[in-house]
Amino acid sequence: MSERPPRVGAMDVGIDAGIDVAGVRRSFGTVHAVQDVTFVAAPGRVTGLVGPNGSGKTTLMLMLASLLRPDAGEIRIGGVDPISEPGGVRRLLGWMPDSLGAWPSLTAREVLVATGQLYDLSRVDARARADELLDLVDLAALASSAARVLSRGQKQRLALARALVHDPRVLLLDEPASGLDPQARIALRVLLRRLAAEGRTILISSHVLSELEEVVDDAVFLMDGRTVGTDRVAAAATRMRSWRVRVSSDPSRGVEAARADVAAALGRTMGEVGSDRRDLLVAFADDAGAVAGLRALVGAGVPIVEFAPAVGDLEHAFLDLRVAPGEEGSHA
Amino acid sequence: MSLRRLRTIIGIELRQRVRSVGWYVLLGIFAVILIGILALSFASFALGSGGNEWFFSLVIMLVLLLVLLVSPTLSGSAVNGDRDAATLAPVQVTLVSTAEIVIGKFLAAWISGLAFLVVALPFLVIATAAGELSPAAIATSLGILVLEVGVVAAVGVGFSAVIARPIFSVASTYLVVAALTIGTLIAFGLGGLALRSEQVSITRDIGWDAVPPGCEPGLLNQADECPIYDELPCVENSYVSEVPRFDRVWWVLAANPFVILADATPPTYVGGYPQDLFSQIAYGVRAAQKVPETETRYDGCDAPAVSPSLTPEDQVEGTAPSWFVGLLLQLLIAGGLLAWGIARTGTPAKRLPPGTRIA
């Protein structure tokens with residue numbers, strides 16, 4: 001069992017609506033999709049939900065979105081219980097599902113207008129809001145196209161706009177960046193930062209960890225339907241990690257020569273320095289080790305042009321948690 | 001229940017239907033079939049020489065048949081089809097309630113079914129003009145058609161919310177339609193025959209055994225010793241037989257859409273005999289309500305009385321109209337399925353239909 005973080009802000013209602021989940025469990029027959037999930041997502045912050053396929057991310061999102069009833073545990077969205085008061089939660093909550101379904105023959109604008117009306121906006125308000133959102137997600141040019149002809153990325157942006165129709169305080173985004181081109185990804189990142197700065201709570205799940213890393217403030221790790229305790233995440237983050245070293249070298253000398261130089265400067269064997277195409281990979285125990293290593297390389301006159309962690313913080317923690325399920329007992 | 005949200009749900013459904021090509025193809029095929037029926041009917045019923053009342057009732061029956069065949073496809077995948085297309089969950093997270101979703105879809109399916117009646121309307125008008133039927137008959141039969149479309153729409157939407165896979169829910173809707181149209185007939189026939197009761201037949205007749213040899217009571221110039229009819233004794237015989245009890249199962253047949261249509265339409269009798277197909281069917285169903293007598297008597301000794309010959313109109317006299325019993329039964333099935341569908345689609349969902357993802 002992982003430790004439960006202290007519950008904060010559980011009963012805050014109003015502008016600061018956070019997500020508070022304690023001991024949530026849900027099975028489908030014999031499949032235990034979510035076994036024990038406890039976390040807090042704070043207003044004004046973007047919280048990443050990280051976990052491998054089948055770790056229960058989507059099931060958890062569905063329970064938060066008031067679509068699925070947990071078998072046990074408690075959920076509060078802005079202090080409101082989605083089981084007893086689904087209507088209250090739905091007012092607060094914008095949900096963007098991982099599989100985008102838009103009525104195929106309705107136009108992008110009609111999808112947003114209809115959704116607005118389902119949130120009790122008047123026809124006029126719903127139209128105004130739809131146009132606003134089409135501009136926001138850069139779909140104004142496609143406003144009159146049927147949802148069927150939109151590309152995957154465009155549908156994804158339409159789904160995001162739909163989740164924002166009623167100006168929700170809490171946003172649940174399931175794989176929002178999949179199918180987006182780089183420009184749209186940057187736009188999404190900027191938008192999410194802005195929405196968080198407005199005091200909204202944003203929970204976002206993604207497989208693309210490097211991308212998540214650029215936007216999240218906090219991360220919740222999900223393994224086999226359980227949230228991983230913060231101490232275990234911290235432990236994973238401080239474990240040995242690989243750094244990418246790029247040496248500016250004469251192409252005629254080849255990677256092997258650079259590898260020998262680096263190994264010599266660091267006082268390691270050739271076997272301890274890996275290579276990845278034209279880059280070299282060196283493991284350091286912690287940040288201090290990396291600093292010392294870089295000093296040594298520069299001091300030895302190795303022409304370093306790039307020295308950076310080979311994987312991002314999230315990815316490092318994630319991969320480390322993944323390979324170490326056997327050690328779980330020692331951390332718990 | 002918010003009217004605006006309900007209207008939005010109906011609007012989403014109808015807009016999608018109106019924009020699909022398949023919808024117009026279906027309406028076109030429907031119109032072509034009706035033209036064929038009308039042409040055939042005009043050819044087979046010689047106008048002016050009677051039988052025109054049968055003509056209208058036949059055409060409206062065929063319209064009912066076609067509508068019953070088309071309606072399940074319009075409604076049978078309303079909810080689970082949306083779930084498959086992942087468009088259901090985004091609606092469920094809005095403020096709209098499950099009841100509003102299911103009822104909105106039901107009303108949308110009903111309205112699209114009525115589009116077929118609108119296509120059929122000119123044909124019905126022609127048939128009516130040719131058939132010279134009373135306005136009351138036309139209004140009633142149209143009203144029943146509208147209700148029947150609604151019942152099938154409710155059954156279809158209900159099943160689509162209960163059963164996970166669209167093909168199975170459409171098939172189930174067809175099975176219910178088949179059960180109501182053909183199944184009731186079979187149940188009525190078999191049920192009536194299975195529930196038999198004994199009937200005692202008592203006959204009194206002249207004791208022919210008492211006639212001496214050589215005598216023939218019918219002859220005029222017979223010998224004095226031969227008895228005449230009045231002198232012959234009367235002998236009573238009784239035997240027991242079993243009769244089917246259709247009076248116990250008539251209500252099964254009452255749930256048949258065609259029977260409802262026929263029975264609800266005011267009957268027309270000419271000289272005591274049914275004047276159109278509706279009245280004919282209604283007579284058949286009403287006659288089934290009669291409890292068979294437990295004892296029948298036939299007296300051959302008395303002078304043969306003029307047996308009161310009852311016309312169908314006389315026989316129907318005093319029987320209960322069955323159409324609202326049948327309609328009530330259908331409304332119960334339809335309403336029950338809708339309520340079940342609403343319960344099964346409710347969120348937050350406790351259990352999901354097997355093999356489905358919520359989103």
With charges only on Cβ, +1 for K and R and -1 for D and E, what is the dipole size of the protein assembly as shown about its Cα centre, in debye, rounded to 20?
3860 debye
Among DSSP bridges having both ends in chain A, what percentage is antiparallel? Round to the nearest 5.
60 percent
Express as a percent, rounded to the nearest 5, the fraction of DSSP beta bridges in the protein assembly as shown (both residues included) that run antiparallel.
65 percent
For B:Thr203 and B:Glu231, what does the FRET efficiency come to when R0 = 22 Å and r is the distance between their Cβ atoms, rounded to the nearest 0.05?
0.60
Charge dipole (debye, nearest 20) of chain B; +1 at Cβ of Lys and Arg, -1 at Cβ of Asp and Glu:
3960 debye
Given unit charges at Cβ for Lys, Arg (+) and Asp, Glu (-), the dipole magnitude of region A:235-331 about its Cα centre in debye, nearest 20, is 300 debye
Looking at the square roots a ≥ b ≥ c of the eigenvalues of the Cα gyration tensor of the protein assembly as shown, which shape do they give, rounded for a/c under 1.5, prolate if a/b is larger than b/c, or oblate?
prolate
Can you give the net charge of the other residues whose Cβ lies under 14 Å from the Cβ of A:Arg185, counting K and R as +1 and D and E as -1?
-2
Multiply the residue gap between B:Val325 and B:Ala343 by 0.36 nm, knock off their C-alpha separation, and tell me the result in nm, one decimal place.
3.8 nm
Dipole of region A:235-331, positive end: most advanced residue of A:Ala235, A:Phe284, A:Gly254 [Cβ charges, Cα centre]
A:Gly254
Cα-projected label distance for B:Val18 with B:Thr311, points at 7 Å along beta-carbon direction, nm:
5.2 nm
Projected onto the charge dipole of region B:74-178 (+1 at Lys/Arg Cβ, -1 at Asp/Glu Cβ, origin at the Cα centre), which of B:Val170, B:Val146, B:Ala127 gives the Cα projection farthest towards the positive end?
B:Val170
For region A:19-228, what is the convex hull volume of the alpha-carbon atoms per residue, in Å³?
114 Å³
Rounded to the nearest 500 deg cm²/dmol, what is the calculated helix-only ellipticity per residue at 222 nm for the protein assembly as shown, with -39500 (n - 2.57) per DSSP H run of length n ≥ 4?
-15500 deg cm²/dmol
Can you give me the relative contact order of region A:19-228 as a percent, contacts being Cα pairs under 8 Å and 6 or more apart?
34 percent
In order over region B:261-273: 3J(HN,Hα) from phi, Karplus 6.51/-1.76/1.60, θ = phi - 60°, whole Hz, x for each Gly or Pro, gives 4, 5, 6, 6, 5, x, x, 10, 10, 10, x, x, 10
Could you go through region B:14-22 in sequence order and give the Karplus-derived ³J(HN,Hα) for each residue, using 6.51 cos²θ - 1.76 cosθ + 1.60 with θ = phi - 60°, rounded to whole Hz, and x for Gly and Pro?
5, 4, 5, 5, 4, 8, 9, 5, x
May I ask you to evaluate 6.51 cos²θ - 1.76 cosθ + 1.60, the Karplus curve with θ = phi - 60°, for each residue of region A:154-163 and list the ³J(HN,Hα) values in order in whole Hz, giving x for glycine and proline?
5, 4, 4, 5, 5, 5, 5, 4, 5, 5
List the residues whose amide H sits under 5 Å from the amide H of A:Ala219, counting only those 5 or more places along or on another chain, with H placed 1.01 Å from N in the peptide plane.
A:Gly48
Under 8 Å for C-alpha pairs, at least 6 residues apart: give me the relative contact order for region A:13-67, rounded to a whole percent.
30 percent
Along the positive direction of the dipole of region B:70-205 (beta-carbon charges: Lys, Arg +1; Asp, Glu -1; about the Cα centre), which of B:Phe188, B:Val200, B:Ala86 reaches farthest?
B:Ala86
If you take the square roots of the eigenvalues of the alpha-carbon gyration tensor of chain B and sort them as a ≥ b ≥ c, do you get rounded (a/c under 1.5), prolate (a/b over b/c) or oblate?
prolate
Just need the relative contact order of chain B here, percent rounded to a whole number, with Cα pairs under 8 Å and 6+ apart.
22 percent
What translational diffusion coefficient, to the nearest whole µm²/s, does region A:235-331 have by Stokes-Einstein, given a Kirkwood radius computed over alpha-carbon pairs, a temperature of 37 °C and 0.692 mPa s viscosity?
230 µm²/s
Share antiparallel - DSSP beta bridges, chain B, percent rounded to 5:
70 percent
Could you compute the longest span of chain B free of GluC sites (Glu not before Pro) located in DSSP loops and having at most 11 other Cβ atoms within 10 Å, not counting the site residues?
B:1-131
Return the distance in nm (one decimal) between the two label points of a simple spin-label model at B:Tyr239 and B:Val146, each offset 7 Å from Cα along Cα→Cβ.
5.6 nm
Please state the shape class of region B:56-196: rounded when a/c is under 1.5, otherwise prolate if a/b exceeds b/c and oblate if not, all from the C-alpha gyration tensor.
oblate
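Each value in this text was obtained by applying a stated rule to the coordinates, not by laboratory testing. Just so you know, these numbers come straight off a predicted model, no measurement behind them. Don't worry about glycine lacking a Cβ; one is built from the backbone with ideal geometry, like all the others, and counts go over all protein chains shown.
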